[in-house]
1. Starting from the 7 Å offset along Cα-to-Cβ, what nm value, one decimal, do you get for the label separation of residue 66 and residue 3?
2. Show me 74-85, 10-21 ranked by packing, highest mean number of other Cβ atoms within 10 Å first.
3. Please work out the Cα center distance from segment 1-76 to segment 99-128, rounded to the nearest Å.
4. Could you list 108, 101 in order of exposure, starting from the residue whose Cβ has the fewest other Cβ atoms within 10 Å?
5. Give, in nm to one decimal, the length gained when the segment between residue 24 and residue 57 is fully stretched (0.36 nm per residue of separation minus the Cα-Cα distance).
6. Order these by the 10 Å Cβ neighbour count, fewest first: 60, 45.
7. Using Cα pairs under 8 angstrom and six or more residues apart, how large is the relative contact order of segment 40-86, in percent?
8. From the alpha carbon gyration tensor of segment 3-84, can you work out the equivalent ellipsoid semi-axes (sqrt of 5 times each eigenvalue) and give them in Å, largest to smallest?
């Protein structure tokens, strides 16, 4: 299967796969650093897919804060997810490269996952 970076549905396909992987990992092993990374990567792809559906030119970034700010140009409802973007981005970077404090990574995972579901719902509602 060939995907295209300018096809929102391809971004959503890859986002869903990462979300399912995060959920399966948490179910089998509990909250762990990899689950946090998979959740972040899922939301990153959902946000990029949304933006691409709005004719955004792809930027190869991993910062959910920046992506969410760009989404705000299209719908004010994204503003309530700023705490999610901030927390998940910080936790992603903390565990992505050694050298940071990991003591709080995943601590609020259930809340992050719940908020992620609400953000995904908003994105899907906007896409139609």
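Derivation of every value follows stated rules applied to the coordinates shown; laboratory data play no part. Bear in mind the structure is a predicted one, so any value in this text is a computation, not a measurement. All Cβ positions, glycine included, derive from the backbone under ideal geometry; neighbour counts span all protein chains shown.
1. 2.0
2. Values: 74-85: 15.9, 10-21: 17.7.
Highest-to-lowest ranking by the protection proxy: 10-21, 74-85.
3. A separation of 11 Å, based on Cα centres.
4. Values: 108 18, 101 7.
Starting with the residue having the fewest Cβ neighbours, the order is 101, 108.
5. Numbers: separation 33, 0.36 × 33 = 11.88 nm, distance 3.23 nm.
Extra length from residue 24 to residue 57 when fully extended: 8.7 nm.
6. Working: 60 6, 45 22.
Lowest count first: 60, 45.
7. Values: 31 pairs, mean separation 16.7, N = 47.
Dividing the mean separation by the residue count of segment 40-86 yields 36 percent.
8. On the way: eigenvalues 108, 49, 18 Å².
The answer is 23, 16, 9 Å, longest axis first.
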